[in-house]
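Report on one structure; see the data block that follows.
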Amino acid sequence: MNYDLPPEYNALRRMLREFITEEIAPVAKKIDEDSVVPPELIRRMGDVGFFGVPFPREYGGMGAGELGYCIMMEELNRVCPSVATIIGAHIGIGVMSLYLDGSKALQQKYMPDLCSGRKIAAFALTEPNAGSDAAGIQMRATLEGDSYILDGQKMWITNGPIADVINVLALTDPALGARGGATVFAVEREWAGYTPGKPESKMGLHGSPTSLLNFDEVRVPRENVVGQIGLGFVTFMKALDIGRASLGAATLGGAQASLEASIRWARTRQQFGRPIAHMQSIQFMIADMAAEIEALRALVYRTAWLIDNGRPFIKEAGMCKLLGSETASRCIDRALQIHGALGLSRDFTIERGFRDARISEIFEGTNEIQRIVIASELMQGVGVRIRP
Amino acid sequence: MNLNDLQALMGEAIEIDEYRDLWVVDLGNTARAAPLLGEARRMADSLGAYLHYVGPADSGEAIALGADRVHPLAAAGADAAVATLAALFANAKPEFVFLAADETGNEVAARLAGRLHGGVVLNCIALRLDEAAREVVASHPVYDGAHYLDSAVTAKPQIFTVRPEIFPMPARDSGRTGEVEPVAASEPEHPSRDTGPAAHTPPATPLHKAARVVAVGRGGNDAATVEVARLLAAKLGAHFAGDRSAFDSGWIGKEDIVGVIGTEIAPDVYIAAGIWGDTLHRAGTEGAKFVVAIHPDASAPIFNAADAAVVGQPKDVLPRLLALL
Amino acid sequence: MRLLVLLRQLLDPAGMLVNRKAGKVFVNREEYMINPADKRALEAALQIKDATGAEVVAAAVGPARTEDALREARALGADRAILIKEDVAAPAGRFYEALCDSLGDVDLILTGDSALDTGEAVGPQLAEMVNMAFLGNAVQCALEGAVVRIVRRDVRDATQRAYNGVEADLPAVVTVTRSGPTPRYPHGGAIIEMYRDPEAVEIMTAADLGLDDSALQPAVVERGQSFPPEREFGKQMTVEEIAERMTP
C-alpha cells in the first residue's frame, strides 16, 4: 500500500495551489460581493487547464484523471467555492455526461472548447416539480423530421446564466417515463427558443450563477443526442455518481480551510491573558475537525483511486458527498464559534465560508438521497432492491 | 618586500604560485570602499601581509587609511574593471580581495572569480579571519535575510563583497607611508554598450504584496497629518493604507484597510502612524519584517510589535521624518 | 539560435521556520522550488522563443530531486532539459562550462542574478569561464538579430527608480532579477505529460562531461549558519535613526 501521490500529482497540486493563491485568493471576496467571476480569470484558468482536468489531452484536457480532478477541486474549494462550483458543474456533470456517452463526433465538436474553458457546460436535470425525485421530470422532446423539439423548464441549474452548451434531459417517450423514456440532448446557448433565466439570489456561492432554463420549442438536431435514445437517465445518473467523489474533494478543501483558519486564530486571539489555543474547549474543537478531515481525505482519495482503476465506486462516491458535506458544515460551524464575532463579519472569510458550505448537503443529490444510494448498494448484496 | 620586488631585484622570474596579500578594490564609490580598508588593514597586520588599494582615490588618502600599495585606477564600467583587474590579479595573485557589495561590486567580484578560478562570497555582513587556516569565514544573508550562511572560500583568490556599513570609517593616519604602482588598463574583449535611459514600468504591487506600507490610524492624526503620511508613502515608494479607524474617518478606502478584517500584509517595512494596534490589526501585520510605530500613547499595543517605537504625535514626527528622507 | 537557461532548485522557504533564539532553521515541509530569479530568467527565454522560435535548453546541477525543476521547465515550454546529476556543493560554473562545450553553439545563457538559498551568482562567473559578454540584473531581455538587449535598474541613479538599456553582441550571458518578467503557469496537462515521459529530462554526470575530481572540488564551503539578532520590540528610536534605516 502506498499513500504517496505519484510525483506528477504533487507537481500538479503545487502549480494549482500557486495559481489559486496568486490569482484567485486576492479576488475571492470580490467575486462573492459582485456575484460574478471576472471573465478574464475564467480565460486564464482555462489556459492552465482547470476546465478539463480529467479529460484526455487530445480534447485539450489535462489527462489527469479523477485523482487530478479531486486535487484541483480540493485546492479550489479551499479558497473560492464559487469558482469551484462553476468548474464542478462544468466538468463533473456537464462535460462528463458528454464524455461518458456522447458520440465521437459530438465530443470532437464540443470538448476542445469545453476543456479549454472557452465554453462553459451545464447539466440540466432538476425541474420545478422534479428535485430529489429526478425521475419525475416532465420536459418533453418530440421527434419532428431530423430534429427533436424540446419544450419545458429546468430549475436551479448551476452555470445556467453563463453556459454555452447545456446537456439537458427530456422525455422522448413519456409513456416509459424517465427510466427508459428519457434522452440527453446537447443544446447550444444561441439556439432559438432557449432562454436562461436571471441568476437566482442565493445564500451562498454568489459567484456561481444559478438559474431557470426555459426551452420553448427548441429545435435540436438528431446528432446532438448524447448517448442512446431512451437511456438518458442512465447517462445522467452515471455522471452524478462520478461527480459525487469530486464534490467530496471540494468539501475536503472547505473543511481544511476552516481548520487552518481556526488554528491560526486560536494562536492569535488572546483572552484571559493567553492565546485561546490554550483552552481545552478550543483544542477539542480543533482536534475533532482535524480527525474528521483526515478520515474524509482518506475516503476521497481512495474513491478517486477506485474510479481511475475501474473499480466499483458508487457507494464510496455517495459516502464522499455525504460525509464530506456534513464534515465541511460541522467544521465551518466550529470555525465560526472559535472566531466569535469576527466569524460573523462580512469582511472576514469565515462568514462567506459558512454561507458557501451549506449547499453541499443539498445539491447534486441531497444527503438524504445519498443515504438511499449507499443503503441500496448495501442492500443489493442481500437481494433487496431499493428504489427511491 | 613582495614577490614582484624580489623578482625585479634578482632579474629573473621566480616560480612560486603562492597567493599573497590583501586587496581592496574600489570601483568608484570611495565612501563605500574606504571602510573596507580599515578592516583589511587589521587582517593584513595579523597575517603579516601587504594591503593593496586599487581605485580612483587619492593615493595619499588611501595610504593614510591603511593601504601599503596604491594602484590608481580611474572609475569605469564593470567590463573595463574586470578586464584590467583580471590582468592585474593574474600576475599579482592576491590571497584576499574585498569589494563593496553593490550591483557593480558583486558583478565584478563574481566575474573575477570566474576568470581567475577563485571563489567568491557576495554581500557579506561579517568577516572572521582564521589566521591559522588563512581563510576568511564570511556571514552573508540568505532567504532574504531570514538567516545567514557562514561561508569560506577554498579556491584562490578568496574574493568577498562586503556591506560597507558594517565597518566604521578607519581613522586617518597621515604619517603612514606606502608606494604607488601604475596599473596597465586592459580593454574588455566583449564589451557591453549602454543604450541610455529605458522605460520600464514594474507591475503594480497590490497591498498584500507591498514591500513597504505606510498606514495611518486615528491616534493623534488629523486630515492634514494624513496628507503628510501620504507624501511620506510616495517618497518611500510605499503603499498608503490605514487601520479600521482611518477608514471610519474617511481617510482611506475600504480596500486599503490593513488587518485581519481588511488586507493582511507582510512588507519589509511597515510604518504605523497613529495606529493603536489591537489584535485584529496586529494579526494582520505580523509578517512585517520591520515595524515603525508612532503613537502619542506609550501604552498603545502597537508598540509590542514595533522594532522602532516613537512615542509622539504623528503631526510632529511625520514631517520630521519626511524632511530627513 | 540556442538559449541555455540555468536553474537552481532550492528549499521552498514557505515550509521553513527560522528560530533566531534557538539558532536553528526548522524544515516543516520539505518542498523544493526553482530559484525565483531563475524562473524569471526562464520566462525571459521563453518569451524570446515565442518571438523568434529559438530553442530553449534548461539545465540544472543537483541530486535526483532536481528533476522536478527540469520537468517543470519542460512543462513551461523548454525544448530540452538536462540534469547534471551531481552534488550541489561542487561549483556549478564548472559543470555549465563543460556543458556549453558539450552542447556547442550556445548563443545566449540566461539565469537568475543570485540564488536565494546561498547568495551564489553563477551567471557572471560563467560568463568569464566561457568567455562571453555579460549583462547583469535584467528586468527585461530581448534579442535583435545577434544582439541581446536588456533593461536594468540604472546603478548610477540614487532614487533607484530609473532604468537604462544595455546591449551586447552574442554570445552572451544575461542574469535576470526577481523583478524580471512574470513567469507564466504551465498547463496542468503538460506537467502530467512531462512526468510520464521518461525522456523528458536528459541525465548527465561529471564523467559524461569529461570532468575529473579536481573539477568537483568546491570553491566555497559552508562552515555554519548564523542568525540575525532576535527582534526586540518596543525599542525607542529617534526619527533620525529611523530615517537612516529607510534610505537604501
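The values are calculated or read from the model by the stated rules, or taken from the named source; none is laboratory data. What you see is a predicted model; the values in this text were computed from it and never measured. Heads up, the Cβs are rebuilt from the backbone with ideal geometry, glycines too, and the neighbour counts pull from every protein chain shown. Keep in mind that these areas ignore ligands, DNA and RNA; they rest on the heavy atoms of the full protein, side chains included. Shrake-Rupley method; radii C 1.70, N 1.55, O 1.52, S 1.80 Å.
Cβ separations smaller than 7 Å between residues 6+ apart or across chains give the following pairs from region C:176-193 residues that are part of a helix (DSSP H, G or I) to residues that are acidic (Asp, Glu) and at pLDDT 95 or above: C:191/A:8; C:192/A:8.
Residues in region C:150-173 that are more than 7 Å from chain B (Cβ to nearest Cβ) and over 23 Å from residue B:112 (Cα atoms): C:157, C:158, C:159, C:160, C:161.
Considering region A:320-342, the residues that are open to solvent by 60 Å² or more (accessible area, probe 1.4 Å) and either closer than 12 Å to residue A:249 by Cβ or among the hydrophobic types (A, V, I, L, M, F, W, C) (or both) include one that is modelled with the highest pLDDT, namely A:323. The set of residues in region B:264-296 being facing another protein chain (nearest Cβ under 9 Å), open to solvent by less than 50 Å² (accessible area, probe 1.4 Å) and within 24 Å of residue A:350 (Cβ to Cβ) consists of B:279, B:283. Checked across region B:164-187, the condition of being within 9 Å of chain C (Cβ to nearest Cβ) and either without any contact (Cβ under 8 Å) to a residue 40 or more places away in the chain or in contact with a strand residue (DSSP E or B) (Cβ under 7 Å, 6 or more places away or on another chain) (or both) holds for no residue. Restricting attention to region A:344-358 and to residues that are at pLDDT below 95 and either among the polar types (S, T, N, Q) or under 18 Å from the mean Cα position of the chain (by Cα) (or both), the residue that is farthest from residue A:238 (Cα to Cα) turns out to be A:345.
Is it the case that residue C:110 is more than 7 Å from every other protein chain (Cβ to nearest Cβ), of a type in the set (A, V, I, L, M), in a strand (DSSP E or B) and open to solvent by 20 Å² or more (accessible area, probe 1.4 Å)? Judged against the criteria, residue C:110 is not a match.
Of all residues in region B:111-120, one or more are surrounded by 21 or more Cβ atoms within 10 Å (Cβ to Cβ), at the interface with chain C (Cβ under 9 Å from one of its Cβ atoms) and assigned to a loop (DSSP other than H, G, I, E, B).
A search for C-beta distances below 8 Å between a residue of region A:374-387 that is not assigned by TED's automatic domain parsing to the domain that holds residue A:321 and any residue that is in a helix (DSSP H, G or I) and among the polar types (S, T, N, Q), counting only pairs 6+ apart in sequence or on different chains, returns A:385/A:376; A:386/A:376; A:387/A:376.
Scanning region C:215-242 for residues that are open to solvent by 80 Å² or more (accessible area, probe 1.4 Å) and closer than 30 Å to residue C:101 by Cα yields C:217, C:222. For region A:302-312, the tally of residues that are open to solvent by 40 Å² or more (accessible area, probe 1.4 Å) and touching a residue at least 12 places away in the same chain (Cβ under 8 Å) stands at 3. You will find that of A:317, A:257, the residue that is in contact with a Ser or Thr (Cβ under 6 Å, 6 or more places away or on another chain), part of a helix (DSSP H, G or I) and assigned by TED's automatic domain parsing to the domain that holds residue A:332 is A:317 and no other. Taking the listed residues C:184, C:156, C:152, the one that is under 29 Å from residue B:236 (Cα atoms), charged (D, E, K, R) and surrounded by fewer than 20 Cβ atoms within 10 Å (Cβ to Cβ) is C:156, with no other qualifying.
Here's the yes/no breakdown for (1) at the interface with chain C (Cβ under 8 Å from one of its Cβ atoms); (2) out of contact with any Ser or Thr (no Cβ under 7 Å at 6 or more places or on another chain); (3) of a type in the set (Ser, Thr, Tyr):
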residue: B:125; (1), (2), (3): no, no, no
residue: B:138; (1), (2), (3): no, no, no
residue: B:145; (1), (2), (3): yes, yes, no
residue: B:161; (1), (2), (3): no, yes, yes
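For the subset of region A:53-62 comprising residues that are surrounded by 24 or more Cβ atoms within 10 Å (Cβ to Cβ) and within 8 Å of chain C (Cβ to nearest Cβ), which member is farthest from residue A:15 (Cα to Cα)? Per the stated criteria, the residue is A:61.
The set of residues from region B:67-110 being out of contact with any helix residue (DSSP H, G or I) (no Cβ under 7 Å at 6 or more places or on another chain), without any contact (Cβ under 8 Å) to a residue 40 or more places away in the chain and acidic (Asp, Glu) comprises just one member, B:103.
Results for (1) of a type in the set (Lys, Arg); (2) closer than 25 Å to residue A:331 by Cβ; (3) assigned by TED's automatic domain parsing to the domain that holds residue A:316; (4) in a helix (DSSP H, G or I), shown as yes or no for each residue.
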position	(1), (2), (3), (4)
A:15	no, no, no, yes
A:33	no, yes, no, yes
A:37	no, yes, no, no
A:43	yes, no, no, yes
A:47	no, no, no, yes
A:71	no, yes, no, yes
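Residues that are part of a loop (DSSP other than H, G, I, E, B) and among the polar types (S, T, N, Q) within region B:209-264 comprise B:221, B:249, listed in sequence order. When you check residue C:142 against the structure, is it in contact with a strand residue (DSSP E or B) (Cβ under 7 Å, 6 or more places away or on another chain), more than 10 Å from every other protein chain (Cβ to nearest Cβ) and either closer than 22 Å to residue B:142 by Cβ or not in a loop (DSSP other than H, G, I, E, B) (or both), yes or no? So residue C:142 passes the test.
Residue B:316 falls short on exactly one of the conditions (1) assigned to a helix (DSSP H, G or I); (2) among the acidic types (Asp, Glu); (3) within 24 Å of residue A:270 (Cβ to Cβ), and that condition is (3). Only a single item in (1) more than 9 Å from chain B (Cβ to nearest Cβ); (2) buried (at least 20 other Cβ atoms within 10 Å of the Cβ) is not met by residue C:134, and it is number (1). Report whether or not residue C:154 is in contact (Cβ under 8 Å) with a residue 12 or more places away in the chain and out of contact with any helix residue (DSSP H, G or I) (no Cβ under 8 Å at 6 or more places or on another chain). So residue C:154 does not fit the description; no.
Condition check ((1) surrounded by fewer than 22 Cβ atoms within 10 Å (Cβ to Cβ); (2) over 27 Å from residue B:178 (Cα atoms)) across all residues:
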position	(1), (2)
B:55	no, no
B:63	no, no
B:71	no, no
B:84	yes, no
B:93	yes, no
B:128	yes, no
B:141	yes, yes
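For region A:339-350, the criterion of being part of a helix (DSSP H, G or I) and away from chain B (no Cβ under 14 Å) is met by no residue. When residues in region A:204-224 are screened for being over 18 Å from residue A:33 (Cα atoms) and assigned to a strand (DSSP E or B), 11 of them pass. The set of residues from region C:78-107 being part of a loop (DSSP other than H, G, I, E, B), small (Gly, Ala, Ser), more than 13 Å from every other protein chain (Cβ to nearest Cβ) and in contact (Cβ under 8 Å) with a residue 24 or more places away in the chain comprises just one member, C:78.
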